[in-house]
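Participant: Sharing a structure, written as structure tokens. Questions coming.
The values are calculated or read from the model by the stated rules, or taken from the named source; none is laboratory data. Just so it is clear, the structure is predicted and the values come from calculations on it, not from any experiment. Backbone-built Cβ (ideal geometry, glycine too); neighbour counts: all protein chains shown. Note: accessible area is taken over every heavy atom of the protein model, side chains too, but ligands, DNA and RNA are not part of it. Shrake-Rupley method; radii C 1.70, N 1.55, O 1.52, S 1.80 Å.
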Amino acid sequence: MQLQSMYQDIILDHYRNPHGRGLRDPFEAEVHHVNPTCGDEVTMRVHLDGDTIADVSYEGQGCSISQASVSAMYDLVIGKSVTEALGTGEHFMTLMQSKGDAAVAEGLEDELEDAIAFAGVSKYPARVKCALMSWMALKDASARALSTSSEAN
Amino acid sequence: MTQTVSRPAGAHQVPLPLDVEAIRADFPILTRTVRDGKRLVYLDSGATSQKPRSVLDAERWFYENVNAAPHRGAHQLAEEATAAYEAARATIGAFLGAPENEIVFTRNSTESINLVAYALSNAATAKEPEFRRYAVGQGDEIVVTEMEHHANLLPWQQLCERTGATLRWLGLTDDGRLDLSDLDTVVNERTKLVAVTQQSNILGTINPLGGIIARAHEVGALVLVDGAQSVPHQKVDVTELGADFLVFSGHKMLGPTGVGVLWGRYDVLDALPPFLTGGSMIEVVRMEGSTFAAPPQRFEAGVPMSAQVIGLAAAADYLTALGMDRVQQHEEVLTGYALEQLQAIPGVTVIGPPDTVARGGAISFTVDGVHPHDVGQVLDDLGIAVRVGHHCAWPVVRRYGVPATTRATFYVHTGYDDVDALVEGVREAQRFFGVVPAVTEGGTN
Ligand SMILES: Cc1ncc(COP(=O)(O)O)c(C=O)c1O
């Protein structure tokens, strides 16, 4: 069975016990993203301290891949600057476009921590969107948060 | 939700009306394997159906022997291509019990519906008075239902936005049926058109169209029936149906992609202005202005999808040879069996009618604790193709409070082995995700 290559234990752990779930105050931006092909949804808030991501809080519904992805992302981005976090997002995107190429995954292992477990998802084009939804939401929310906080300054 | 946990396990396998093994041999794709050598269990005909060899042969025959643009040119190929194209129109007409001049070829159901929706708004500004009869404008109402596929919802929403008309809809009952309690107020003197599906692509419900059509005609409204999920699966005779338009897609009835049908009552079609304009649909063209051909040519602008039309006629012939009544009975037996087996699994909830009364073979369900995408992934790993998501009927899943469903759909090559594979696959998904509910013999979940 190939299922195990997609549903790594790390993914199932994040799915069952998501990190950072729930919507919290304070926040500078809130976004709502959906995956229109399947109806997966996430509402995400970003709280910045200067240009450091102090908190990402979220609520959502969706498949194990989309829910585990947002949880693993939470672990990766808290405490990073927006630029660093989005850089990590680019690497995650690269992983998702790797079509299961082990060499690509190997090179990204240190950077992506738990999120490297999503390498198996890259073999299933229909599921890549599920894994990327939360990263798209983060990109959107942090851009808005930055512009809100620069307006406030 | 209560459900009986009985274990039919093979007990209810009455002989199927169709010879599944013989039919499977007609479908080349069913010989391939998927996901490391597994037999393909194709339970996604509702999205698009597989094609029998006779359909593929018909398309190849057209290209290899008579390929030319129909209705253009005077050479022999053009004549033969025209004859083949028009013979296909006659075949589709006969399939529906309609005269051939009421058959318009389009790209698919979506385009057929858009054709009517645009014709109704074009009617308001038509320079020809005879085309204004069905014009839709401010103060008019269009009625749909909450059960519609997006293809039979968005064109009407857009028509209302273009014209200032108001969109109204019939709601749904908890058991997956149309709520007709307010039919007489929702469909009223202001109603210009009622658009309703004959079979729901997500709930499987077969709608009681008679009463709806009677009420619509009582107030002078037109009725468009979305037959995308009914025409492939049951006998549909347009005279018995009594509607004004019927739309369906070739690719869901064993035919090629890229061809669909709009059937319209001739007097109604004749009173409508065109949707797309260009070659083939004209009478006289001058720089100052043009006049249009009579239906059906008025609605077939441009060189048509000839080979696909020929393929669609072959699909209709294939279904006719099987017998549409038997096709329907076949699916009904399988649907009854599948509903029984699926609902016997603790944690599985069918979204839609729980039995085969006025119901087709689209079975949507949820599995407690396992998201439909994950159910679909486990099934895919076993070689079983189903559809997951909101099935282009987002308001329906919203109405039933679920984010998405897993949907299995049946067709002429579906057998008990396919349903058994599905049922076992759902159990496998529960095991994989560790949500096998504790079963006490004879208890409920
Ligand atoms: C009930 C119903 N109506 C309309 C459509 C649209 O068909 P097509 O995409 O072929 O235009 C579908 C297809 O899924 C359908 O199931």
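Participant: For the charge dipole of the range A:2-137, defined by +1 on Lys and Arg C-beta atoms and -1 on Asp and Glu C-beta atoms about the Cα centroid, which residue among A:VAL34, A:ILE11, A:HIS47 has the Cα displaced farthest towards the positive pole?
Facilitator: Result: A:VAL34.
Participant: Sticking with this one: Long-range amide H contacts for B:VAL223: which residues qualify at under 5 Å (H placed 1.01 Å from N, peptide plane, sequence gap of 5 or more or a different chain)?
Facilitator: Hits under the 5 Å cutoff: B:VAL194, B:ASP244, B:PHE245.
Participant: Return one number: the angle in degrees, 0 to 90 and rounded to the nearest 10, between the long axis of the Cα atoms of helix A:102-112 and the longest principal axis of the Cα atoms of chain A.
Facilitator: 30 degrees
Participant: Then there is this: Can you give the calculated 222 nm mean residue ellipticity of chain B, where each DSSP H run of n ≥ 4 adds -39,500 (n - 2.57) and the sum is split over every residue, rounded to the nearest 500 deg cm²/dmol? Before the final figure, lay out the partial values.
Facilitator: On the way: 14 runs with 155 residues, N = 445.
It lands at -10500 deg cm²/dmol.
Participant: When all alpha-carbon pairs of the protein assembly as shown are counted, what percent fall beyond 39 Å?
Facilitator: Considering the protein assembly as shown, 39 percent of its Cα-Cα pairs are separated by more than 39 Å.
Participant: Hey, what did the range B:275-341 get for relative contact order, percent, Cα under 8 Å, at least 6 apart? It would help to have the intermediate numbers written out before the result.
Facilitator: On the way: 40 pairs, mean separation 16.1, N = 67.
Reported relative contact order: 24 percent.
Participant: On to the next question. Contact order normalised by length for the range B:76-194, with contacts defined as Cα pairs under 8 Å and 6 or more residues apart; what percent is it?
Facilitator: On the way: 131 pairs, mean separation 24.6, N = 119.
That works out to 21 percent.
Participant: While we're here: How far is helix B:209-218 tilted off the main Cα axis of chain B, in degrees rounded to 10, range 0 to 90?
Facilitator: Orientation of helix B:209-218: about 30 degrees from the principal axis.
Participant: Using only Cα atoms, find the angle between the long axis of helix B:109-125 and the longest principal axis of chain B, and express it within 0 to 90 degrees, rounded to the nearest 10.
Facilitator: Roughly 40 degrees between the two axes.
Participant: Further, regarding this structure: Projecting each Cα onto the charge dipole of chain B (Lys/Arg +1, Asp/Glu -1 at the beta carbon, about the Cα centre), which of B:ALA321, B:VAL388, B:SER49 comes out farthest on the positive side?
Facilitator: B:VAL388
Participant: Using protein chains only (no ligands, no nucleic acids) and a 1.4 Å probe, work out which residues of the range B:367-393 have their accessible area cut by at least 50 Å² relative to the chain alone.
Facilitator: Output list: B:HIS371, B:HIS373, B:ASP374, B:GLN377, B:ASP381.
Participant: What shape does the range A:23-124 have by the C-alpha gyration tensor, where a ≥ b ≥ c are the square roots of the eigenvalues, rounded means a/c under 1.5, and otherwise prolate means a/b greater than b/c and oblate the rest? Intermediate values should be presented prior to the final figure.
Facilitator: Working: a/c = 2.49, a/b = 1.31, b/c = 1.90.
Oblate.
Participant: To the nearest 500 deg cm²/dmol, what mean residue ellipticity at 222 nm is calculated for chain A from DSSP H runs of n ≥ 4 alone, each contributing -39,500 (n - 2.57), summed and divided by the residues?
Facilitator: On the way: 6 runs with 80 residues, N = 153.
Mean residue ellipticity, 222 nm, calculated: -16500 deg cm²/dmol.
Participant: Further question on the same structure: Gap in Å between the Cα centre of the range B:224-238 and the Cα centre of the range B:277-322?
Facilitator: 21 Å
Participant: Would you kindly compute the Cα radius of gyration of chain B and its largest Cα-Cα separation (Dmax), both in Å?
Facilitator: 22.9, 80
Participant: With θ taken as phi - 60° and the coefficients 6.51, -1.76 and 1.60, list the Karplus ³J(HN,Hα) couplings across the range B:389-397 in order, rounded to whole Hz; mark glycine and proline as x.
Facilitator: Running phi through 6.51 cos²θ - 1.76 cosθ + 1.60 with θ = phi - 60° gives x, 9, 6, 6, 9, 4, x, 5, 5 Hz.
Participant: Probe radius 1.4 Å, ligands and nucleic acids left out: can you give me the accessible area buried at the B-A interface, summed over both chains, in Å² to the nearest hundred? Could the numbers behind the result be given before it?
Facilitator: Working: alone 17950 and 7630 Å², together 23830 Å².
That pair of chains buries around 1700 Å² in total.
Participant: How large, in percent, is the carbon and sulfur part of the accessible surface of the range B:222-359 at a probe radius of 1.4 Å?
Facilitator: Numbers: 2340 of 4420 Å².
Whole-percent figure for carbon plus sulfur exposure: 53.
Participant: Jot down the radius of gyration and Dmax of the range B:265-322, Cα atoms only, both in angstrom.
Facilitator: 15.0, 53
Participant: Dipole magnitude of the range A:2-137 about its Cα centre, charges +1 at Lys/Arg Cβ and -1 at Asp/Glu Cβ only, in debye to the nearest 20? Present the calculation step by step, with values, prior to reporting the outcome.
Facilitator: Working: 9 positive and 21 negative charges, 124 e Å.
Around 600 debye, computed over the range A:2-137.
Participant: Go through the range B:181-190 residue by residue and turn each phi into a ³J(HN,Hα) via Karplus (6.51, -1.76, 1.60, θ = phi - 60°); whole Hz please, and just put x for glycine and proline.
Facilitator: 5, 10, 3, 6, 8, 5, 9, 9, 4, 7
Participant: Let me ask something else about it. If you put +1 on each Lys and Arg Cβ and -1 on each Asp and Glu Cβ, how big is the dipole of chain B around its Cα centre, in Debye rounded to 20?
Facilitator: Details: 34 positive and 53 negative charges, 141 e Å.
Around 680 debye, computed over chain B.
Participant: Lys/Arg Cβ at +1, Asp/Glu Cβ at -1, dipole of chain B taken about the Cα centre: which of B:SER181, B:ILE23, B:GLN430 is farthest positive-ward?
Facilitator: So the residue furthest toward the plus end is B:GLN430.
Participant: Could you go through the range B:300-307 in sequence order and give the Karplus-derived ³J(HN,Hα) for each residue, using 6.51 cos²θ - 1.76 cosθ + 1.60 with θ = phi - 60°, rounded to whole Hz, and x for Gly and Pro?
Facilitator: For the range B:300-307, the Karplus-derived couplings read 10, 6, x, 5, x, 7, 4, 4 Hz, x marking Gly and Pro.
Participant: With an 8 Å cut-off on Cα pairs and a minimum separation of 6 or more residues, tell me the relative contact order of the range B:283-382 in percent.
Facilitator: Value for the range B:283-382: 16 percent.
Participant: Going by accessible area, probe 1.4 Å, with all protein chains left in place, what is the ranking of A:GLU109, B:GLU340, largest first?
Facilitator: On the way: A:GLU109 95, B:GLU340 65 Å².
Ranking A:GLU109, B:GLU340 by accessible area, largest first, yields A:GLU109, B:GLU340.
Participant: Still on this structure, please answer the following. Among bridges DSSP assigns within the protein assembly as shown, what percent are antiparallel (round to 5)? Don't skip to the answer; put the middle values down first.
Facilitator: Numbers: 48 of 68 bridges.
Bridges in the protein assembly as shown that DSSP calls antiparallel: roughly 70 percent.
Participant: Can you put A:ASP55, A:ASP40, A:ASP13 in order of accessible area, largest first, using a 1.4 Å probe? Provide the component values of the computation, followed by the final result.
Facilitator: Details: A:ASP55 25, A:ASP40 0, A:ASP13 90 Å².
From most accessible down to least: A:ASP13, A:ASP55, A:ASP40.
Participant: Using only C-alpha positions, report the orientation-averaged shadow area of the convex hull of the range B:126-207, nm², one decimal.
Facilitator: Its average projected convex-hull area is 6.1 nm².
Participant: Now a separate question. Taking the DSSP beta bridges in chain B as the whole, what percent of them are antiparallel, to the nearest 5?
Facilitator: Working: 30 of 49 bridges.
For chain B, the DSSP antiparallel bridge percentage is about 60.
Participant: Another question about this same structure. How do B:ARG215, B:ARG132 stack up against each other in accessible area, from largest to smallest, with a 1.4 angstrom probe? Let's see the in-between values first.
Facilitator: Numbers: B:ARG215 35, B:ARG132 105 Å².
My answer, sorted largest first, is B:ARG132, B:ARG215.
Participant: Which of the lysines could a cross-linker bridge to B:LYS38, judged by Cα under 27 Å and excluding same-chain residues fewer than eight apart?
Facilitator: A:LYS99, A:LYS123, A:LYS129, B:LYS51, B:LYS252
Participant: For the range A:2-137, with all protein chains present and a 1.4 Å probe, just round the carbon and sulfur fraction of the accessible area to a whole percent. Walk me through the numbers before you get to the answer.
Facilitator: Numbers: 2850 of 5690 Å².
With neighbouring chains kept in place, the figure for the range A:2-137 is 50 percent.
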